[in-house]
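The values are calculated or read from the model by the stated rules, or taken from the named source; none is laboratory data. In this text, all values refer to a predicted model and were calculated from it rather than measured experimentally. Cβ coordinates were reconstructed from backbone atoms using ideal geometry, including for glycine residues, and neighbour counts include every protein chain displayed.
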Amino acid sequence: MATVTEAPPDIRQGPALAALATAQFLVVLSTSIVNVALPALADGLSMSPAALSWVVNAYVLAFGALLLLGGRLADLLGRRRVFTLGMAVFALASLAAGLAPSAPVLIAARAVQGAGAALLAPAALALVLGVFPPGPGRGRALGVWGAVSGAGGAAGVLLSGVLTELYGWPAVFLVSVPVAAVSLAATLVLVPADRPAGGEVDILGALTSTAGLTALVYALTAKNPLAGAAGLVLLAVFAVRQKRARTPLVPPRLLRTGKVTVANAAMTLLGAVWVGLFYFLPLYQQQVLGYGPLEAGLTQLPLALSVVAGSVLAARLPARAGTPAALAVLTLGLLWLSRAPDDAGFAVDLLGPSLLIGAGLGAAFVRLTALSTEDVPPADSGLAGGLINTTRQLGGALGLALMTAIAPTAAGHSAAFVTAAVLAALTTCTTFAITRRKQS
């Protein structure tokens with residue numbers, strides 16, 4: 001069994017959390033930071049609309065497909081070791097993307113960046129759980145974790161607008177390089193090394209899960225039914241394999257707790273809302289309202305601050321009704337946003353819904369992340385971190401595919417935001433299963 005040396009309850013915990021949360025912030029940021037820069041990318045590298053979509057999809061696909069394997073490797077090989085490898089790959093791929101001379105090189109770099117993120121994200125969450133033992137300190141740490149996870153989407157749009165306007169599209173990738181280097185150096189200094197558990201990796205499980213998730217994400221993003229069918233078959237093989245393997249990639253014991261299962265189901269739906277929102281909102285602002293990149297980015301600031309506020313307040317919400325209440329606020333905000341007209345004013349039509357959406361999103365992220373790791377054995381914490389990131393990422397791919405099918409252009413923003421509201425409402429209903437289990 002892997003053991004993690006816990007830091008004493010002194011000031012080292014704060015800087016360690018800051019280093020690890022910065023890594024998580026970069027991972028989430030990289031999903032949305034390209035959104036405002038896409039028109040500039042199309043001009044700079046002469047990219048077609050189909051190629052342009054893969055600047056987003058390559059990262060999402062590699063990230064989502066490799067997360068389970070990344071989480072298991074973190075448990076078996078050592079969380080800090082896998083985190084170090086993942087962050088190094090992520091930083092080098094970010095540099096390659098910023099210096100890319102052509103569209104194929106950029107798309108390949110984004111895929112490698114996603115693979116690095118798949119290694120570092122579950123390892124980072126497992127390291128946080130090791131630094132903060134169960135208790136109030138861990139609750140506050142997960143509140144910070146939820147804040148940076150939720151704010152990363154809005155901050156990505158904000159930074160994308162500012163950097164694209166001032167320095168051009170390469171800056172949206174190059175900005176991650178020095179931040180990644182500082183986060184990696186601080187983690188190596190502040191976070192104790194953990195003892196690897198050792199053991200075998202379920203190779204067949206890793207291959208079938210990675211191939212199945214890749215095919216499924218590709219089917220959702222490229223609207224390819226054949227790939228979708230192949231993905232479902234491979235995932236069915238993976239599920240059977242996990243019941244029979246001596247060292248399964250996802251031990252069935254992890255899913256026997258209702259909290260883990262339901263929290264991941266809810267996170268799938270919340271991920272769909274998150275990615276779809278931060279894809280359509282800047283497009284609506286630029287293509288319908290006529291905002292420039294800088295204006296579109298700056299108007300995300302209230303949303304980002306509201307996400308942080310919701311994350312901080314999450315622990316103070318009622319234990320039983322807190323999660324459904326946060327999701328209900330998110331749903332109301334999305335419905336309000338769906339009523340924004342083609343000549344919307346920011347103060348009248350966008351500010352109010354942005355504040356509601358941010359508060360609900362931030363609180364929901366914190367609570368679902370905490371539930372997904374509650375009662376999980378320490379030896380499986382890396383895998384639990386990989387699982388919750390996987391469901392969020394796959395949910396994001398599903399939500400984006402669904403919303404772009406319903407609203408293929410920014411002019412269909414109302415339908416896209418209504419779809420997001422429906423998904424948020426379904427997430428609210430799903431969380432009632434959690435509250436019922438907590439009562440029993």
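In the stretch 283-292, which residues are assigned to a loop (DSSP other than H, G, I, E, B) and aromatic (Phe, Trp, Tyr)? Spell out the reasoning first.
Our first condition is that a residue be assigned to a loop (DSSP other than H, G, I, E, B); within the stretch 283-292, this holds for 289-292.
Selection gives Tyr291 alone.
Does Gly290 satisfy the criteria of being on the phi > 0 side of the Ramachandran plot, over 18 Å from the mean Cα position of the chain (by Cα) and either crowded, with 17+ Cβ neighbours inside 10 Å or at pLDDT 90 or above (or both)? Steps first, please.
Numbers: on the phi > 0 side of the Ramachandran plot: yes; over 18 Å from the mean Cα position of the chain (by Cα): yes; either crowded, with 17+ Cβ neighbours inside 10 Å or at pLDDT 90 or above (or both): yes.
Considered against the rule, which asks whether it is on the phi > 0 side of the Ramachandran plot, over 18 Å from the mean Cα position of the chain (by Cα) and either crowded, with 17+ Cβ neighbours inside 10 Å or at pLDDT 90 or above (or both), Gly290 comes out as yes.
Rundown of residues vs (1) within 20 Å of Leu125 (Cα to Cα); (2) touching a Pro at 6+ places or on another chain (Cβ under 6 Å), yes/no style:
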site	(1), (2)
Ala185	yes, no
Leu190	yes, yes
Pro196	yes, no
Asp202	no, yes
Ala206	no, no
Leu213	no, no
Leu220	no, no
Asn224	no, no
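Quick one: would you say Ser354 is of a type outside the set (A, V, I, L, M, F, W, C), modelled with pLDDT of 90 or more, in a helix (DSSP H, G or I) and more than 20 Å from the chain's Cα centre (by Cα)?
On the way: of a type outside the set (A, V, I, L, M, F, W, C): yes; modelled with pLDDT of 90 or more: yes; in a helix (DSSP H, G or I): yes; more than 20 Å from the chain's Cα centre (by Cα): no.
Judged against the criteria, Ser354 is not a match.
Among the candidates Ala151, Ala155, single out the residue that is within 18 Å of the chain's Cα centre (by Cα), over 16 Å from Gly385 (Cβ atoms) and modelled with pLDDT under 80. Walk me through how you get there before you give the answer.
On the way: Ala155 fails: modelled with pLDDT under 80.
Every option except Ala151 fails the conditions.
Of everything in the stretch 54-87 that's charged (D, E, K, R) and in contact with a Leu (Cβ under 8 Å, 6 or more places away or on another chain), which residue is surrounded by the fewest Cβ atoms within 10 Å (Cβ to Cβ)? Reasoning before the result, please.
Initial filter on the stretch 54-87 (charged (D, E, K, R)): 72, 75, 79-81.
Pick out the ones that are also in contact with a Leu (Cβ under 8 Å, 6 or more places away or on another chain) and you get 72, 75, 79-80.
On the way: Arg72: 28, Asp75: 28, Arg79: 30, Arg80: 22.
So, considering only residues that are charged (D, E, K, R) and in contact with a Leu (Cβ under 8 Å, 6 or more places away or on another chain), the one surrounded by the fewest Cβ atoms within 10 Å (Cβ to Cβ) is Arg80.
Looking only at residues in the stretch 254-282 that are assigned to a helix (DSSP H, G or I) and free of Cβ contacts under 8 Å to residues at least 60 places away in the same chain, which one is farthest from Leu159 (Cα to Cα)?
Keep residues of the stretch 254-282 that are assigned to a helix (DSSP H, G or I), which gives 254-255, 258-282.
After this cut, where a residue has to be free of Cβ contacts under 8 Å to residues at least 60 places away in the same chain as well, the list is 255, 261.
Numbers: Leu255: 38, Thr261: 34 Å.
Checking each candidate, the answer is Leu255.
Output the residue which, of all residues in the stretch 88-114 that are crowded, with 24+ Cβ neighbours inside 10 Å and either of a type in the set (A, V, I, L, M, F, W, C) or not in a helix (DSSP H, G or I) (or both), is nearest to the chain's Cα centre (by Cα). Give the steps one after another, and end with the answer.
Initial filter on the stretch 88-114 (crowded, with 24+ Cβ neighbours inside 10 Å): 90, 93-94, 97, 106, 110, 113-114.
Checking which are either of a type in the set (A, V, I, L, M, F, W, C) or not in a helix (DSSP H, G or I) (or both) leaves us with 90, 93, 97, 106.
Values: Phe90: 15, Ala93: 18, Ala97: 20, Leu106: 21 Å.
That would be Phe90.
Only residues that are surrounded by fewer than 21 Cβ atoms within 10 Å (Cβ to Cβ), at pLDDT 80 or above and among the hydrophobic types (A, V, I, L, M, F, W, C): list them for the stretch 241-269, please.
Within the stretch 241-269, Ala245, Ala265 qualify.
Would you point out which residue out of Ala51, Ala58 is within 17 Å of Ala222 (Cα to Cα), assigned to a helix (DSSP H, G or I), in contact with a Lys or Arg (Cβ under 9 Å, 6 or more places away or on another chain) and modelled with pLDDT under 95? Working first, answer last.
On the way: Ala51 fails: in contact with a Lys or Arg (Cβ under 9 Å, 6 or more places away or on another chain).
Answer to the check: Ala58.
Restricting the search to the stretch 130-153, which residues are in contact with a Pro (Cβ under 9 Å, 6 or more places away or on another chain) and among the aliphatic types (A, V, I, L, M)?
Within the stretch 130-153, just Val131 meets the criteria.
Tell me whether the stretch 34-56 contains one or more residues that are under 14 Å from the mean Cα position of the chain (by Cα) and within 21 Å of Pro293 (Cα to Cα).
Quick first cut of the stretch 34-56, residues under 14 Å from the mean Cα position of the chain (by Cα) only: 56.
Narrowing further to those that are within 21 Å of Pro293 (Cα to Cα): 56.
Scanning the stretch 34-56 turns up at least one residue that is under 14 Å from the mean Cα position of the chain (by Cα) and within 21 Å of Pro293 (Cα to Cα).
Given the options Gly395, Gly412, Gly382, Gly399, name the one that is out of contact with any Ser or Thr (no Cβ under 7 Å at 6 or more places or on another chain) and closer than 16 Å to Tyr59 by Cα.
Working: Gly395 fails: out of contact with any Ser or Thr (no Cβ under 7 Å at 6 or more places or on another chain); Gly412 fails: closer than 16 Å to Tyr59 by Cα; Gly382 fails: closer than 16 Å to Tyr59 by Cα.
Result of the check over Gly395, Gly412, Gly382, Gly399: Gly399.
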